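J.: First the structure, then my questions, so here it is.
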């Protein structure tokens with residue numbers, strides 16, 4: 001076993017062993033203070049083991065871990081956020097009941113989410129994806145309030161639905177691939193010529209799109225984030241949704257041009273981006289607004305992948321991964337920063353709100369931020385048509401949503417608070433710095449573009465005018481009475497329609513009973529016979 005292989009394996013083994021150690025009540029009670037340690041092997045692997053691999057189980061199982069460029073980029077960002085959020089949780093949640101249980105769910109979710117960036121075979125990917133998806137239920141429902149339990153039920157129902165889509169898609173994908181447990185690359189290589197290509201692609205896009213929060217499968221996100229503890233919200237929005245992103249990156253045949261499927265993904269992604277903004281600006285809770293922002297941003301990532309799939313554009317996977325890394329760090333810092341802002345008094349509030357403003361507008365592509373770099377890098381994939389125009393205008397939508405978020409954030413200060421606790425301040429600061437610095441450091445490597453090109457007058461103006469447009473729209477909306485749309489929008493509408501649907505079903509059942517009575521059935525049969533006779537006579 002090589003040093004790289006050992007480091008890659010330890011990325012998932014260490015947090016898994018920590019979770020198993022929680023079987024001891026004494027260890028479980030102390031584990032919340034050690035959560036920040038669990039992702040450190042993965043952080044080291046992202047820097048030191050890129051290109052490495054390890055076979056965990058030989059043929060026929062062929063359970064394999066490998067770290068390619070996209071995986072290393074997302075693994076490093078996810079491990080950093082997991083470590084910071086773990087340290088944040090130890091301070092933010094100190095004294096709350098059930099922290100040992102929280103630690104177990106946290107470590108299992110962490111294990112699965114890091115595993116999705118490392119696994120290289122179908123079986124291991126499904127296992128890691130399932131662990132991350134199902135264990136996150138414990139983070140969503142941890143508070144135990146009615147809202148948290150309801151959000152947990154919705155999340156679990158959709159997670160199981162997504163698992164079913166993906167499992168069936170994997171079965172179709174494996175047909176025609178090498179026997180046994182094929183590597184992902186081997187299975188995807190047979191994808192374009194597979195007779196089951198289209199249904200398999202549909203199922204995989206549904207399954208991974210659900211995890212990303214593509215409309216209309218997004219409803220778990222705005223329900224889960226407001227009720228989850230702050231560090232859990234950072235992990236859910238920053239990292240867990242990236243399991244869907246890495247799934248599409250791994251399993252879409254990006255090297256084969258599929259214009260129809262690419263255009264479909266672009267359309268769904270851009271619709272998601274604008275829909276989430278439209279609903280998000282009606283929300284009144286800061287975490288809910290951030291949840292809809294994540295839905296919008298994941299829509300844009302899906303559109304990036306769709307644009308690359310349309311023309312088999314080289315480098316699509318790395319570009320989508322780069323955009324996802326930017327979102328991972330910025331959104332994680334925003335969620336952690338909400339807790340910091342709530343604990344900050346007037347004297348220190350300007351620095352916190354100023355940092356949060358830069359982070360928020362980075363999602364809209366503010367010049368000289370990581371968001372501007374991410375949008376500049378992915379813009380060529382869209383070409384010069386309608387999709388390119390809508391992708392550019394989505395930055396204006398993000399500006400509207402983020403200005404709405406900042407306005408709400410200004411009113412969340414805790415009375416009498418002065419300085420936030422060090423235990424939440426420094427983890428937030430570390431992620432915020434990484435959100436500003438890491439994309440700049442990785443831009444040339446990830447995009448194969450010179451960094452100077454993003455600093456030209458044309459590029460800066462292309463990033464600035466959507467911000468101005470969005471700010472103008474936000475000001476105009478201040479004079480408009482927006483509708484009150486509940487968080488979860490579609491699922492809430494379904495809840496409200498449920499009684500009417502139930503009554504309609506009961507009416508159909510009563511009609512069926514009535515029609516099955518012998519006199520009624522005889523009369524209907526006679527009417528049908530007469531009508532048929534008339535039609536036949538007319539035809540002759």
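Yes/no matrix, rows are residues, columns are (1) under 24 Å from the mean Cα position of the chain (by Cα); (2) under 17 Å from residue 361 (Cα atoms):
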| residue | (1), (2) |
| --- | --- |
| 398 | yes, yes |
| 405 | yes, yes |
| 408 | yes, yes |
| 418 | no, no |
| 436 | yes, yes |
| 450 | no, no |
| 471 | no, yes |
| 476 | no, no |
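J.: From the list 445, 428, which one is under 30 Å from residue 84 (Cβ atoms), assigned by TED's automatic domain parsing to the domain that holds residue 403 and surrounded by fewer than 19 Cβ atoms within 10 Å (Cβ to Cβ)? Explain how you work it out, then say what you get.
T.: Numbers: 428 fails: surrounded by fewer than 19 Cβ atoms within 10 Å (Cβ to Cβ).
One residue alone meets the criteria, 445.
J.: Working carefully through the options 199, 195, find the one that is part of a loop (DSSP other than H, G, I, E, B) and over 18 Å from the mean Cα position of the chain (by Cα). Break it down into steps so the answer makes sense when it comes.
T.: Details: 199 fails: part of a loop (DSSP other than H, G, I, E, B).
Matching residue, one of 199, 195: 195.
J.: Name the one entry in 38, 19, 84, 42 that is touching a helix residue (DSSP H, G or I) at 6+ places or on another chain (Cβ under 6 Å), more than 22 Å from residue 428 (Cα to Cα) and buried (at least 19 other Cβ atoms within 10 Å of the Cβ). Spell out how you get there, then give the answer.
T.: Working: 38 fails: more than 22 Å from residue 428 (Cα to Cα); 84 fails: more than 22 Å from residue 428 (Cα to Cα); 42 fails: more than 22 Å from residue 428 (Cα to Cα).
Of 38, 19, 84, 42, the one residue that is touching a helix residue (DSSP H, G or I) at 6+ places or on another chain (Cβ under 6 Å), more than 22 Å from residue 428 (Cα to Cα) and buried (at least 19 other Cβ atoms within 10 Å of the Cβ) is 19.
J.: Could you check, for region 100-111, whether at least one of its residues is buried (at least 23 other Cβ atoms within 10 Å of the Cβ), closer than 16 Å to residue 56 by Cα and in contact (Cβ under 8 Å) with a residue 12 or more places away in the chain?
T.: yes
J.: Identify, please: which residue in region 34-58 is free of Cβ contacts under 8 Å to residues at least 60 places away in the same chain and in contact with a strand residue (DSSP E or B) (Cβ under 8 Å, 6 or more places away or on another chain) and is, among those, farthest from residue 87 (Cα to Cα)?
T.: Result: 57.
J.: Scan (1) under 11 Å from the mean Cα position of the chain (by Cα); (2) outside any helix (DSSP H, G or I) for the single condition residue 257 breaks and write down its number.
T.: Of (1) under 11 Å from the mean Cα position of the chain (by Cα); (2) outside any helix (DSSP H, G or I), only one is false for residue 257: (1).
J.: Out of 112, 100, 144, I need the residue that is over 17 Å from residue 227 (Cα atoms), at pLDDT below 90 and in the same structural domain as residue 27 (by TED's automatic domain parsing). Which one? Even if it seems obvious, please write down each step before you answer.
T.: Details: 112 fails: at pLDDT below 90; 144 fails: over 17 Å from residue 227 (Cα atoms).
Within the list 112, 100, 144, the selection yields 100.
J.: Given the structure, is residue 124 outside the structural domain of residue 323 (by TED's automatic domain parsing) and either out of contact with any helix residue (DSSP H, G or I) (no Cβ under 9 Å at 6 or more places or on another chain) or closer than 17 Å to residue 208 by Cβ (or both)?
T.: Numbers: outside the structural domain of residue 323 (by TED's automatic domain parsing): yes; either out of contact with any helix residue (DSSP H, G or I) (no Cβ under 9 Å at 6 or more places or on another chain) or closer than 17 Å to residue 208 by Cβ (or both): yes.
The answer is yes for residue 124.
J.: Moving on to the next point. Cβ-Cβ distance below 9 Å, separation of 6 or more or different chains: which pairs start in region 445-468 with a residue that is at positive phi and touching a residue at least 60 places away in the same chain (Cβ under 8 Å) and end on one that is part of a helix (DSSP H, G or I) and crowded, with 19+ Cβ neighbours inside 10 Å?
T.: Listed pairs, sorted by first residue: 448/318.
J.: So is residue 249 modelled with pLDDT under 90, assigned by TED's automatic domain parsing to the domain that holds residue 65, part of a helix (DSSP H, G or I) and buried (at least 23 other Cβ atoms within 10 Å of the Cβ) or not? Show your work before the answer.
T.: On the way: modelled with pLDDT under 90: no; assigned by TED's automatic domain parsing to the domain that holds residue 65: yes; part of a helix (DSSP H, G or I): yes; buried (at least 23 other Cβ atoms within 10 Å of the Cβ): yes.
Here the answer is no, as residue 249 does not meet what is asked.
J.: May I ask you to say which residue of 401, 408, 366 is at pLDDT 90 or above and either in the same structural domain as residue 238 (by TED's automatic domain parsing) or not in a helix (DSSP H, G or I) (or both)?
T.: Going through 401, 408, 366 in turn, just one is at pLDDT 90 or above and either in the same structural domain as residue 238 (by TED's automatic domain parsing) or not in a helix (DSSP H, G or I) (or both): 366.
J.: Same structure, new question: Identify the single condition in (1) in contact with a strand residue (DSSP E or B) (Cβ under 8 Å, 6 or more places away or on another chain); (2) at pLDDT below 90; (3) outside any loop (DSSP other than H, G, I, E, B) that residue 12 does not satisfy, given that it satisfies every other one.
T.: Evaluating residue 12 over (1) in contact with a strand residue (DSSP E or B) (Cβ under 8 Å, 6 or more places away or on another chain); (2) at pLDDT below 90; (3) outside any loop (DSSP other than H, G, I, E, B) leaves (2) as the failure.
J.: Which of the residues spanning region 160-192 are in contact with a helix residue (DSSP H, G or I) (Cβ under 9 Å, 6 or more places away or on another chain), touching a residue at least 12 places away in the same chain (Cβ under 8 Å) and part of a loop (DSSP other than H, G, I, E, B)?
T.: 175, 176, 177, 181, 182, 190, 191 - these are the residues of region 160-192 that are in contact with a helix residue (DSSP H, G or I) (Cβ under 9 Å, 6 or more places away or on another chain), touching a residue at least 12 places away in the same chain (Cβ under 8 Å) and part of a loop (DSSP other than H, G, I, E, B).
J.: Tell me whether region 267-274 contains one or more residues that are buried (at least 24 other Cβ atoms within 10 Å of the Cβ) and within 21 Å of residue 359 (Cβ to Cβ).
T.: Yes, the conditions are met somewhere in region 267-274.
J.: If a residue must be in a helix (DSSP H, G or I) and over 18 Å from residue 437 (Cβ atoms), how many such residues does region 304-328 contain?
T.: Step one: list which residues in region 304-328 are in a helix (DSSP H, G or I), which gives 304-311, 316-328.
With the extra rule that they be over 18 Å from residue 437 (Cβ atoms), the set shrinks to 304-311, 316-320.
The qualifying residues number 13.
J.: I'd like the full set of residues that are surrounded by 14 or more Cβ atoms within 10 Å (Cβ to Cβ) and either outside any helix (DSSP H, G or I) or touching a helix residue (DSSP H, G or I) at 6+ places or on another chain (Cβ under 7 Å) (or both), limited to region 455-473.
T.: The answer is 459, 463, 466, 467, 469, 470, 471, 473.
J.: Would you mind stating whether residue 351 is modelled with pLDDT under 90 and either assigned by TED's automatic domain parsing to the domain that holds residue 426 or assigned to a loop (DSSP other than H, G, I, E, B) (or both)?
T.: On the way: modelled with pLDDT under 90: yes; either assigned by TED's automatic domain parsing to the domain that holds residue 426 or assigned to a loop (DSSP other than H, G, I, E, B) (or both): yes.
For residue 351, the condition - modelled with pLDDT under 90 and either assigned by TED's automatic domain parsing to the domain that holds residue 426 or assigned to a loop (DSSP other than H, G, I, E, B) (or both) - is met.
J.: Mind checking which residues of region 15-37 are assigned to a helix (DSSP H, G or I) and either outside the structural domain of residue 115 (by TED's automatic domain parsing) or more than 28 Å from the chain's Cα centre (by Cα) (or both)? Show your work before the answer.
T.: To start, the set of residues in region 15-37 that are assigned to a helix (DSSP H, G or I) comprises 15-21, 25-37.
Across region 15-37, the qualifying residues are 21, 25, 26, 27, 28, 29, 30.
J.: Taking region 88-139 only, how many residues are under 22 Å from residue 43 (Cβ atoms) and not in a helix (DSSP H, G or I)?
T.: 4
J.: State yes or no: is residue 213 touching a helix residue (DSSP H, G or I) at 6+ places or on another chain (Cβ under 9 Å), crowded, with 24+ Cβ neighbours inside 10 Å and at positive phi? Give the derivation first.
T.: Working: touching a helix residue (DSSP H, G or I) at 6+ places or on another chain (Cβ under 9 Å): yes; crowded, with 24+ Cβ neighbours inside 10 Å: yes; at positive phi: yes.
Judged against the criteria, residue 213 is a match.
J.: Let me confirm something: among 73, 31, 18, which residue is under 18 Å from residue 243 (Cβ atoms) and in contact (Cβ under 8 Å) with a residue 60 or more places away in the chain?
T.: Details: 31 fails: under 18 Å from residue 243 (Cβ atoms); 18 fails: under 18 Å from residue 243 (Cβ atoms).
Among 73, 31, 18, only 73 is under 18 Å from residue 243 (Cβ atoms) and in contact (Cβ under 8 Å) with a residue 60 or more places away in the chain.
J.: Here is a check on your reading of the model: is residue 130 more than 22 Å from residue 320 (Cα to Cα) and surrounded by fewer than 24 Cβ atoms within 10 Å (Cβ to Cβ)? Lay out the reasoning, then the answer.
T.: Working: more than 22 Å from residue 320 (Cα to Cα): yes; surrounded by fewer than 24 Cβ atoms within 10 Å (Cβ to Cβ): yes.
Considered against the rule, which asks whether it is more than 22 Å from residue 320 (Cα to Cα) and surrounded by fewer than 24 Cβ atoms within 10 Å (Cβ to Cβ), residue 130 comes out as yes.
J.: Answer yes or no: is there a residue in region 354-375 that is crowded, with 18+ Cβ neighbours inside 10 Å and more than 21 Å from residue 471 (Cα to Cα).
T.: no
The values are calculated or read from the model by the stated rules, or taken from the named source; none is laboratory data. The shown structure was predicted, so the numbers you read here are calculated from the model rather than taken from an experiment. Every residue, glycine as well, gets a Cβ built from its backbone with ideal geometry; the counts of neighbours run over all protein chains shown.
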